[in-house]
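Remarks on the structure that follows.
Computed from the coordinates by the stated procedures, all read-outs in this text should not be read as laboratory data. Note that this is a predicted model, so its numbers are computed, not measured. Positions of Cβ are backbone-derived with ideal geometry, glycine not excepted, and every protein chain shown enters the neighbour counts.
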Amino acid sequence: VNKLTQRELDILTVLGTGVRNEEIADKLNISAHTVKAHLYNIYRKIGVNSRAQALIWASRHFPR
């Protein structure tokens, strides 16, 4: 968990609301391209290949 940056954690949190990259970008005041770059880095760091897998990983590491 420590390997993710604060911005990556922010994106992972918004990702959990089920919105598209463009909506994540609008919410965080960044470009959709930047969201894609962060998602790529998140997937690589946590060892997943999809949004669904990233959300499962997040639910296991950040239980509500």
About its Cα centre, the chain carries a charge dipole, from +1 on Lys and Arg Cβ atoms and -1 on Asp and Glu Cβ atoms, whose size in debye to the nearest 20 is 260 debye
For the chain, the longest principal axis of the Cα atoms and the Cα long axis of helix 32-46 enclose an angle in degrees, to the nearest 10, of 10 degrees
Here, Thr34 and Gln53, labelled 7 Å along Cα→Cβ, have an inter-label distance in nm of 2.7 nm
Whole-number value, in Å³ per residue, for the convex hull of the alpha carbons of the chain is 78 Å³
Straight-line reach check, Lys3, cutoff 19 Å on alpha carbons, 8 or more apart in-chain or any other chain, hits among lysines -> Lys36, Lys45
Relative contact order of the chain (C-alpha contacts under 8 Å, at least 6 apart) in percent is 34 percent
